[in-house]
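These notes are about the structure you will find just below.
Read-outs throughout are calculated quantities, based only on the coordinates presented, and are distinct from any laboratory measurement. Since we're looking at a predicted model, the values are computed, not measured. Here the Cβ is made from the backbone with ideal geometry for all residues, glycine too, and neighbour counts use every protein chain on show.
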Amino acid sequence: MPEPYWTAERIDGVVSERAKTLGPAVWAAAQPEARPVISFAGGLPDIPSLPGEILLKAARTVIDREQKEALEYGGTFGAYPLRQAIAERSSAIEGIPVAVDQVIVTSGSAHAIGVVCETLLDPGDTVLVESPNFPGSMRTFRTFGAHQVAVPMDDIGIRVDRLEQELQKLADNGNRAKFVYMIPTHQNPAGCTLDLQRREKVVELARRFNTFVLEDDAYGELWFETTPPPSIFALSNGDHGIKVSSFSKILATGLRMGWTMGPAPLISRMATVRYDMGTSPFLGRVIAETIRNGDLDRHIQNLRKIYLRKLERVEAALERYCSGYCTYLRPQGGFFLWLALRPGLTSRDVQQAANERGVVVGQGPQFFADQQATNHLRLAFSYVPMEDIEEGVHRLGEAMAEVAARSAVK
């Protein structure tokens, strides 16, 4: 019998350099945890709030009204009715005119970031990234051969003084950043929102140093009580900011639909590098209908209330069970709390002790491009059922107490 071709030894000699950079490990979990756990790990939407009826109503309307167009190919830019609806809705939200040719639809924001990289990055290009930051995006930049420079954050967000220093350092060496990657609103993992003064400074720096900001805005609409400042995209008048957004957090992750807004010439170039013939025209038109009939905006208003209630329950439990072991700054929206552990506790030990109690949390080091990790845990309060929040935080407090006791013994 002939030897199999696809052996573990042979595959490394066959796969691309990009695949070798990633290695054999799959980025996202291939399947849910087999054991029952209380998970504060993933930035996932609240399950009871998933809008099945809203989507079903919109789907019926689309099939009744435009079945032919919905079930044919829809073009590389994405379904035109969805692009049009996004452009009109974004013009109102951003406060600047957004045209249809400034919008391209993608399979979620992660795909959008990948297409931006496919369009713009060459091996050896420099990308400046907030630190801490979302590991998935940093992984994407790495696979395109980019050199990532970490720019530290404080309690407000990216430190613009350090951003200026890094941009100047590149300029002094005859180089420049291809772009600056930021999550300025409800940042992942830190939860903070960059204020207007710093946003304006970021735009000024982008103009001065001949670069732009890739603005990841997956959580921007999920504010609780205060509307965030204008986006980098809006402050730059759609010129030095490219904004990536997603329906995953405001409708459902299973739709796998997102979009990018940017200058029309760049959006056109993004379409040229795609190999997927565009996203689903049917789903695109269904989402467009939820925008047209007002269901999307009503649903987002409801989500804001749900996530605020979850945050308040987490905060009450943290005060009860964890106040002696960690601190945090209250986010203005989004899915995350960034817990700073007290001296003597390590994020690895606390994560492991919590895991042994059936509670899953995110460990800080994975969020840093330069490995200069601070001693934090990321707590995603969005997905865990409301009735499990207190028990989950209670077990996390027990894990912190156990690690603190071990540290005291040492």
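Data overview
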item	result
Potential lengthening between GLU118 and THR21 on full extension [0.36 nm per residue; Cα-Cα distance subtracted]	33.3 nm
Potential extension, SER268-GLU387 segment - 0.36 nm per residue separation minus Cα distance	38.1 nm
Kirkwood Rh, angstrom, the stretch 101-165 [1 / mean 1/r, Cα pairs]	13.0
Contact order relative to length of the chain, as percent, for alpha carbon pairs under 8 angstrom and 6 or more apart	23
HN-Hα J in Hz across the stretch 380-386 - Karplus 6.51, -1.76, 1.60, θ = phi - 60°, x for Gly and Pro	8, 9, 6, 8, 4, x, 3
From phi via Karplus (6.51, -1.76, 1.60), per-residue ³J(HN,Hα) for the stretch 240-254 in Hz, x at Gly/Pro	9, x, 10, 10, 10, 9, 8, 8, 4, 8, 9, 10, 6, 5, x
Estimated inter-spin distance, ILE93 and ARG207, nm [label 7 Å along Cα→Cβ]	2.5
Hydrodynamic radius of the chain per Kirkwood, over alpha carbon pairs, in Å	22.6
Dimensionless Rg ratio for the stretch 326-402, taking C-alpha atoms and the 2.2 N^0.38 Å reference	1.07
Binned Cα-Cα distances of the stretch 52-296, short to long, each 10 Å bin given as a whole percent	8, 32, 36, 18, 6, 1, 0
Karplus (6.51, -1.76, 1.60) ³J(HN,Hα), θ = phi - 60°, over the stretch 2-13, in Hz, Gly and Pro reported as x	x, 5, x, 6, 8, 7, 4, 6, 6, 4, 5, x
Cut-off under 5 Å, modelled amide H: who pairs with ILE38 long-range	VAL359, VAL360
P(r) of the stretch 150-194 over all Cα-Cα pairs, binned every 10 Å from zero, in whole percent	27, 47, 22, 4
Reachable lysines from LYS169, criterion Cα separation under 25 angstrom, eight or more residues apart if same chain	LYS178, LYS201
Percent antiparallel among DSSP beta bridges (both partners in the chain, rounded to 5)	50
Kirkwood hydrodynamic radius of the stretch 1-133, from inverse mean 1/r over distinct Cα pairs, in Å	20.4
Of PRO343, PRO132, PRO81, the one that fluctuates the most in a GNM where the chain has Cα springs shorter than 10 Å	PRO343
Zero-based 5 Å bins, Cα pair distances in the stretch 145-290, whole percents	2, 8, 16, 20, 19, 16, 10, 6, 2, 1, 0
Amide hydrogen neighbours beyond the local backbone of GLN363, cut-off 5 Å, H modeled	ARG378
ILE47 paired with GLU9, simple spin-label distance in nm, labels 7 Å along Cα-to-beta-carbon	4.5
Förster-model FRET efficiency, 56 Å R0, ALA171 and THR346, C-beta, rounded to 0.05	0.90
Difference of contour (0.36 nm per residue) and Cα-Cα distance, ASP154 to ASP101	15.4 nm
For SER131, SER91, order by how many other beta-carbon atoms lie within 10 Å, fewest first	SER91, SER131
Anchor LYS310: aspartates and glutamates whose Cα lies under 18 Å away (excluding residues fewer than 8 positions away in-chain)	ASP46, GLU221, GLU225, GLU319, GLU387, ASP388, GLU390, GLU391
Residues with amide H under 5 Å from that of GLY258, placed H, sequence gap 5 or more	THR106, SER107, GLY108, PHE247
By average C-beta atoms within 10 angstrom, highest first, the peptides 348-359, 12-23, 165-176	348-359, 165-176, 12-23
